[in-house]
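Enquirer: Quick one: the structure is below, and I'll ask about it shortly.
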Amino acid sequence: MAQPVVVIENLVKRYKEVLALDHLNLKIEEGEIFGLLGPNGSGKTTAINCMLALLSFDKGSVKVLGEEIQPDSYEIKRNIGVVLQNVAVFEELTVWENIDYFCGLYIKDKATRKAYVKDAVEFVGLEEYQKFFPKKLSGGLLRRLNIACGIAHKPKLIILDEPTVAVDPQSRNRILEGIQKLNEQGATIIYTSHYMEEVEQICSRIAIIDKGRKIAEGSKEELKLMIKMGEKIHIDILELSEGQLADIRRLRHVYQADYAENRLSICCNGGKHNLVHILDYLQKNEIGFGRVYSELPTLNDVFLEMTGKELRD
Ligand code: ADP
Ligand code: MG
């Protein structure tokens, strides 16, 4: 079997009194789009910086592409593409020149480099802006340039730290599609975000972190099965008595029911036919109802149930 691309064991990182990583363990296999999902301050960037040996740590080990990574592990670093959270490009260079500069750190052959830079420009959709200087680009376009600079040398492992923060929807979609395409072309991807929708959309496996600790890991389907909630049902009802609400709370598989602003909201665990049982009760008791809809749990529900707080602050 292919060896994991990244193995992090018992990683501990402190910034003075702040414990940023608390015995973090991660294993990322070749070919994955691995999502690191956690709220602001949960330790995502710190974990990435340790993976790149940009930051020293207090305890544990980090292996990348089979070796303990060190600040001077240039051979390993050639195979990594990094897109950091803060855009880092040269103001004095145009879009093309910026990408060419970063690509040139790894690709010395001129013709190959030209082809790679062209690929990267097309990849992020900056064809029309090749001669622009960064300060002329919108936030979304600047992020795309930042990505192009990180991936132009066609690395095996691509690490992106919140690449879509403060990006317009069009650029965001372009970025997400681009990441999937890079993965299809063979790159292993590590993607950090505090946006659960994005992580759900593109990641094959997800680790949820909070306060520097991994609280759960799996595919999005697996993560959702880890919690009690299987389904959330909302029903618009004009009038419901306390007694009726209590009855509903006693229905099978219902573990929470609230009635507010003419809406009944019910959380059910994984049982089948929950909606049928509830509608059955309403009909038998001649309770009129309007719109009915049900939702499956989101990764926010997973986070909420495991930590008692919302993923977003
Ligand atoms: P995330 O990327 O998930 O938002 P970070 O890794 O940036 O989280 O931060 C994790 C924790 O470490 C936070 O509590 C943050 O305030 C703290 N932290 C990050 N960088 C530093 C630093 N250079 N000095 C002191 N504390 C830091
Ligand atoms: Mg961060």
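The values are calculated or read from the model by the stated rules, or taken from the named source; none is laboratory data. Since the model is a prediction, treat every value here as computed from it, not as a measurement. Neighbour counts run over all protein chains shown; Cβ positions are idealised from the backbone, glycine included. When the accessible area is computed, the model is the full protein with side chains, heavy atoms only, and any ligands, DNA or RNA have been set aside. Shrake-Rupley method; radii C 1.70, N 1.55, O 1.52, S 1.80 Å.
Enquirer: Return yes or no: is TYR116 more than 20 Å from ALA187 (Cα to Cα) and away from ligand 1 (no atom under 16 Å from the Cβ)? Let's see the steps before the verdict.
Expert: Details: more than 20 Å from ALA187 (Cα to Cα): no; away from ligand 1 (no atom under 16 Å from the Cβ): yes.
Judged against the criteria, TYR116 is not a match.
Enquirer: May I pose another question? Quick check on this structure: which one of ILE48, ILE76 is outside any strand (DSSP E or B), buried (at least 16 other Cβ atoms within 10 Å of the Cβ) and away from ligand 1 (no atom under 16 Å from the Cβ)? Please lay out each step first, then the result.
Expert: On the way: ILE48 fails: away from ligand 1 (no atom under 16 Å from the Cβ).
Every option except ILE76 fails the conditions.
Enquirer: Let me ask another. Within the stretch 53-65, track down each residue that is open to solvent by 10 Å² or more (accessible area, probe 1.4 Å) and either part of a helix (DSSP H, G or I) or not aromatic (Phe, Trp, Tyr) (or both). Before the answer, list the steps.
Expert: The first filter runs over the stretch 53-65 and keeps only residues open to solvent by 10 Å² or more (accessible area, probe 1.4 Å), leaving 53-61, 63, 65.
Within the stretch 53-65, ALA53, LEU54, LEU55, SER56, ASP58, LYS59, GLY60, SER61, LYS63, LEU65 meet the criteria.
Enquirer: Okay, next question. Name the residues in the stretch 221-238 that are under 20 Å from VAL276 (Cα atoms), open to solvent by 20 Å² or more (accessible area, probe 1.4 Å) and without any contact (Cβ under 8 Å) to a residue 60 or more places away in the chain, would you?
Expert: Scanning the stretch 221-238 gives ASP236, LEU238.
Enquirer: Condition test on ARG249, is it closer than 25 Å to LYS309 by Cβ, open to solvent by 20 Å² or more (accessible area, probe 1.4 Å) and more than 29 Å from the chain's Cα centre (by Cα)?
Expert: It is true that ARG249 is closer than 25 Å to LYS309 by Cβ, open to solvent by 20 Å² or more (accessible area, probe 1.4 Å) and more than 29 Å from the chain's Cα centre (by Cα).
Enquirer: Moving on to the next point. How many residues, within the stretch 188-212, are within 23 Å of ILE151 (Cα to Cα), within 15 Å of ligand 2 (Cβ to nearest atom) and outside any loop (DSSP other than H, G, I, E, B)? Steps first, please.
Expert: Here is the first cut: in the stretch 188-212, the residues within 23 Å of ILE151 (Cα to Cα) are 188-195, 198-206.
Remaining after also requiring within 15 Å of ligand 2 (Cβ to nearest atom): 190-195, 198-199.
If we keep only those that are outside any loop (DSSP other than H, G, I, E, B) too, we end up with 190-193, 198-199.
Qualifying residue count, the stretch 188-212: 6.
Enquirer: Which condition does HIS153 not pass, out of (1) more than 16 Å from ligand 1 (Cβ to nearest atom); (2) open to solvent by 20 Å² or more (accessible area, probe 1.4 Å), if it passes all the others?
Expert: Exception for HIS153: condition (2).
Enquirer: Somewhere in the stretch 70-77, is a residue within 27 Å of the chain's Cα centre (by Cα) and closer than 17 Å to ASP161 by Cα?
Expert: yes
Enquirer: As an exercise: evaluate GLY31 against (1) within 16 Å of ligand 2 (Cβ to nearest atom); (2) touching a strand residue (DSSP E or B) at 6+ places or on another chain (Cβ under 9 Å) and give the number of the one condition it does not meet.
Expert: Condition (1) is where GLY31 drops out.
Enquirer: Here is a follow-up. Only one of (1) at pLDDT below 95; (2) on the phi > 0 side of the Ramachandran plot fails for MET229. Which number is that?
Expert: (2)
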